[in-house]
Amino acid sequence: MTTITRINLPRYPRIQFQSYLRVQKTTTGTPATVYFKQLRRLRHNLICQSPPPPLPFAKPKTMGNNDSDADETQFQLLGFSKFVRTNPRSDRFGVQRFHHVEFWCTDATNSARRFSWGLGMPIVAKSDLSTGNLTHASYLLRSGQLCFLFTSPYSPSIASMENFSPTATASIPTFDHAASRAFSSAHGLAVRAIAVQVDDADFAFHASVSHGAKPVSPPVLLDNHATLSEVHLYGDVVLRYVSYKNPNHDHQDSDSPDSWFLPKFEPVDKQSSYPLDFGIRRLDHAVGNVPELSSAVAYVKNFTGFHEFAEFTAEDVGTSESGLNSVVLANNDELVLLPMNEPVYGTKRKSQIQTYLEHNEGSGVQHLALVSEDIFRTLREMRKRSGIGGFEFMPSPPPTYYKKLKHRAGDVLTDEQIKDCEELGILVDRDDQGTLLQIFTKPVGDRPTIFIEIIQRVGCMLKDEEGKVYQKGGCGGFGKGNFSELFKSIEEYEKTLQAKRIPEAASA
Ligand SMILES: [Fe+2]
């Protein structure tokens, strides 16, 4: 493991940002916008089987709105200069950690193997025809605490032919054929569920619903051992609660995945899963893109009790061409981090968040930030595979970025580590508490939608009541100082996606 020493980290002055942006609401839109609204409502009815959320595309907001137009009372984006980080420990239910992330896809075998190879996460468990599941194929990847589940539907007729109801043999009790198909058709490869382990998934569900959460699945007790429930998060994404009957549940090293994951999952034969390990250890944050931040943040904040951990406005993070507003919500321990972004308008080029919303046909998970215990090792392994089935990365920043890095982070990174950063294209940022090393992949599928971030946080080591050393959540921030570099890369990448126009043939 690479050791990065923290040396007397200076406290950076808080950068003064311009005041908050106002949120304007409208239900009007262009014909394309109206079409997407109708499409989303139809799909939501099918997928969530509950009333559609009021998610109109917001009236374009421009950078530098003036305060007099503000009309949002539930939530206001303050901007960094006014935002003061506090932790009211206001969770409405006991939250432990991220549990897993489930992707819905059309062929779980291929998606799981691609992510396994590209991220160094072995396939450790399965629930498919070979385990008696006639409803869906699910494959589980695990590296440290990070679990990715890939699920795709079998034909509903398969279960019927065996005289089962379509979902009788499902291991994920909330799976639905029609919803899964509609989801994949609308979004392509995308995240369906962000799962958090909670003290009591039954209590978490009812506490959430009583505070405004839209229910998706009431609690289901699985094998008298685990409980699973779901509420709507944003778009077609659900927040899934998982809890275990035994409060001392801790069987992470067991060979039996039904003891540490969910019942009806069986271990994968070691012969058929190559034992890769690139050093990825857990999920740090799962970011959503939404058309309108204020209503999305107010909704999630209200039913979870999570507090605001950070804010970024277009002025903070935008380039001259595009930008976003962003809010990070956190649980009491600040280890379950749920940032959300909205686009801003009126810039030279379309916001990358708006591009996402169009290609994803609405809100969804934009990126998953994975913590590495050694980002240099992880990146070397991932880059080896970029051209042979793994993941490609956004273009690296110019050499001038790394020339300035010694001045910016020379007290934390050695000269050799700064050289490694340049060789591997790693970005470095810091806040008043710690340092963040980060890098972003290109979108992982066909559409310019979901991508992966690999990070390592340095500093902020604390001791708990038992004297155990741990790292404070969000240490080093979220790369605000790198957003501009990142956006330039994304903008350059998006330019390569511009459809090449075939000149119209001259009419005869
Ligand atoms: Fe991130």
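The values are calculated or read from the model by the stated rules, or taken from the named source; none is laboratory data. This structure is a prediction, so every number in the text was calculated from the model and none was measured. So basically every Cβ, Gly included, is an ideal-geometry build from the backbone, and we count neighbours across all protein chains shown. Side chains are part of the model used for accessible areas, which takes the heavy atoms of the whole protein and leaves out ligands, DNA and RNA. Shrake-Rupley method; radii C 1.70, N 1.55, O 1.52, S 1.80 Å.
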Legend entry - the stretch 416-436, subset away from the ligand (no atom under 12 Å from the Cβ) and under 30 Å from Glu358 (Cα atoms), residue surrounded by the fewest Cβ atoms within 10 Å (Cβ to Cβ): Gly425
Inset, instruction - Answer with yes or no whether Thr449 is open to solvent by less than 60 Å² (accessible area, probe 1.4 Å), closer than 21 Å to Met340 by Cβ and not aliphatic (A, V, I, L, M). - result: yes
Inset, instruction - Please specify each residue of the stretch 209-232 satisfying the condition of being open to solvent by 10 Å² or more (accessible area, probe 1.4 Å) and touching a Leu at 6+ places or on another chain (Cβ under 8 Å). - result: Ser217, Pro219, Val220, Leu222, Thr227
Inset, instruction - Being within 16 Å of the ligand (Cβ to nearest atom) and in a helix (DSSP H, G or I) is the filter here, so list the residues in the stretch 340-378 that pass it. - result: Gln352, Ile353, Tyr356, Ile375, Thr378
Inset, instruction - Can you work out which of the residues in the stretch 386-408 that are of a type in the set (Phe, Trp, Tyr) and in contact (Cβ under 8 Å) with a residue 24 or more places away in the chain is nearest to Gly481 (Cα to Cα)? - result: Tyr401
Inset, instruction - Return yes when Ala314 is more than 16 Å from the ligand (Cβ to nearest atom), outside the structural domain of Arg114 (by the TED database), more than 21 Å from the chain's Cα centre (by Cα) and open to solvent by less than 10 Å² (accessible area, probe 1.4 Å) and no when it is not. - result: no
Inset, instruction - Residue by residue through the stretch 185-196, note down the ones that are buried (at least 17 other Cβ atoms within 10 Å of the Cβ) and over 23 Å from His285 (Cα atoms). - result: Ala186
Inset, instruction - Collect the residues in the stretch 276-295 that are surrounded by fewer than 22 Cβ atoms within 10 Å (Cβ to Cβ), away from the ligand (no atom under 16 Å from the Cβ) and among the hydrophobic types (A, V, I, L, M, F, W, C), keeping them in residue-number order. - result: Leu276
Inset, instruction - Could you please let me know if Lys404 is open to solvent by 20 Å² or more (accessible area, probe 1.4 Å) and in a helix (DSSP H, G or I)? - result: yes
Inset, instruction - Among the candidates Lys270, Lys350, single out the residue that is open to solvent by 30 Å² or more (accessible area, probe 1.4 Å), outside the structural domain of Arg113 (by the TED database) and either among the charged types (D, E, K, R) or touching a residue at least 60 places away in the same chain (Cβ under 8 Å) (or both). - result: Lys350
Legend entry - Residues located in the stretch 99-136, provided they are over 26 Å from Glu373 (Cα atoms) and open to solvent by 10 Å² or more (accessible area, probe 1.4 Å): Thr106, Asp107, Thr109, Asn110, Lys126, Asp128, Leu129, Ser130, Thr131, Gly132, Leu134
Legend entry - Matching residues in the stretch 148-158 - criterion: being open to solvent by less than 10 Å² (accessible area, probe 1.4 Å) and out of contact with any helix residue (DSSP H, G or I) (no Cβ under 7 Å at 6 or more places or on another chain): Leu149
Legend entry - Test result for Ser217, more than 27 Å from Gln76 (Cβ to Cβ) and either under 24 Å from the mean Cα position of the chain (by Cα) or away from the ligand (no atom under 16 Å from the Cβ) (or both): yes
Inset, instruction - Find the residue count for the stretch 278-315, including only residues that are part of a helix (DSSP H, G or I), among the aliphatic types (A, V, I, L, M) and under 24 Å from Ile439 (Cα atoms). - result: 1
Inset, instruction - Looking only at the stretch 278-295, count how many residues are within 15 Å of the chain's Cα centre (by Cα) and of a type in the set (A, V, I, L, M). - result: 4
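Listed here are the residues, each with its yes/no results for (1) among the β-branched types (Val, Ile, Thr); (2) open to solvent by less than 40 Å² (accessible area, probe 1.4 Å); (3) not assigned by the TED database to the domain that holds Pro443.
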{"site": "Ser138", "(1), (2), (3)": "no, yes, yes"}
{"site": "Ser143", "(1), (2), (3)": "no, yes, yes"}
{"site": "Thr169", "(1), (2), (3)": "yes, yes, yes"}
{"site": "His177", "(1), (2), (3)": "no, yes, yes"}
{"site": "Asp199", "(1), (2), (3)": "no, no, yes"}
{"site": "Ala207", "(1), (2), (3)": "no, yes, yes"}
Inset, instruction - Give the number of residues within the stretch 451-481 that are part of a loop (DSSP other than H, G, I, E, B) and within 12 Å of the ligand (Cβ to nearest atom). - result: 5
